[in-house]
1. Antiparallel versus total DSSP beta bridges in the range 17-156: what percent is that, nearest 5?
2. Hey, fewest Cβ within 10 Å first, where do Met120, Met59, Met31, Met325 land in order?
3. Can you list the aspartates and glutamates whose alpha carbon sits under 20 Å from that of Lys244, skipping same-chain ones fewer than 8 residues off?
4. Full extension from Arg222 to Gln180: what is 0.36 nm times the residue separation minus their Cα-Cα distance, to one decimal in nm?
5. Please report the antiparallel percentage of DSSP beta bridges with both residues in the chain, rounded to the nearest 5.
6. Answer rounded, prolate or oblate for the range 17-156, using the Cα gyration tensor with square roots of eigenvalues a ≥ b ≥ c: rounded when a/c is under 1.5, else prolate when a/b is larger than b/c, else oblate.
7. Non-local amide H neighbours of Gly267 (under 5 Å, H modeled in plane, Pro and chain starts lacking H): which ones?
8. How would you rank Tyr27, Tyr186, going from fewest to most other Cβ atoms within 10 Å of each one's own Cβ?
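Computed from the coordinates by the stated procedures, all read-outs in this text should not be read as laboratory data. All figures in this text were calculated on a predicted structure; none of them were measured in a lab. Neighbour counts are summed over all protein chains in view; Cβ atoms, including those assigned to glycine, are modelled from backbone coordinates with ideal geometry.
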Amino acid sequence: MTSYATLLPGDPAPWFRQRCTTAHGTYTFDMAAGRHVVLFFFRSSIEPQTEADLTALKMARSVFDGRKAVVFGVSADPADEAERRVSEDLPGLRFFWDGDGLAGRLYGARRLDGDEAAGMRPCWVVLDPMLRVLGHIEQAPGRAEQVIAAVVRLTEQPADADAPAPVLSLPGLFEPEFCQRLIAYYAASETVDSGVFTESEVGQSKAVSDPGFKRRRDCTLRDAHLVAQVQARIVRRAVPEIRKVFQFEASRLDRLILACYDAADRGRFGPHRDNTVAATAHRRFAISINLNDDYDGGGLSFPEFGSRQYRPPLGGALIFSCSLMHAVTPVLRGQRYACLPFAYDDAAETLKQANRAIIRQATPRV
């Protein structure tokens, strides 16, 4: 009996990482969230039906604008990659090189046992902004046009900009005077460009500079007295609320940094998650504490749940799962100062230490 994965409407779409036509050479699929997504699994770009389907997608460039919708062609033919028969058409069209069938098996296009003798089932998969399945249909004449028309209908529906994200808003975590002390510490400290964590194929995590994606400067809080005061306020005021709202016992804090998003360089942070590489997998909840309020822009958004922006008051915090995609919009005036710790528990500490060992093993010796 031929065995394929089954995806039904409402199911969460499987996440994966695969070679891609992006500048980095790979793409982590969960980063596609926040807009409607189409996956088109095909055998080879030189098949007549696939050629027609890809032409239809390129003609629909205005539909797949990268903001409301994107499409990924998923090629099973290694020659498509080797000969570069297809290429991305940004901002909305990219291609995965799935010669090993990693993505195809997850989405029911390839057999689960990896045996290709029974052939491949080319198909279309349509996902919502939370990366949940809306539709799964096999490739056939006219299907590309049906999928494009469906995406047009979906993206033309009025967006619920006020759809609430599952975040805890907690005013009064820090007193205004304490916020000023932390800002003064930042001003007197050496700061560094804040990097973005990436992970190599062998599991090595590293922070790299990506000013097109993230513009922020950080300093580590090293003053023992200030560290103790930050910890005391979080334990006294945030931990009980995390326990009540999320039924999670936070017992540890990962890093204590102070950060600044500056309008002078349009400080921002693109859509991301906080726990997707080995070095950060132990993080459970982000605690974003605003240290000032005299700035414009710099709102937090959660693209999977709509376009609503969140802005805690001075001394207030937003607390949310590190698995949620979130972004910081550009600061347009002034500077936004923040204290940005992560909370986790004893079980996650075990994971942290285990991953440290893996990272050390994956790090090349020089």
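1. Bridges in the range 17-156 are about 55 percent antiparallel.
2. Exposure proxy ranking, most exposed first: Met59, Met31, Met120, Met325.
3. Asp345, Asp346
4. 13.5 nm
5. Taking every DSSP beta bridge with both residues in the chain, the antiparallel ones total about 80 percent.
6. rounded
7. Answer set, sorted by chain and number: Asp262, Val331.
8. Ordered from fewest to most neighbouring Cβ atoms within 10 Å, Tyr27, Tyr186 come out as Tyr27, Tyr186.
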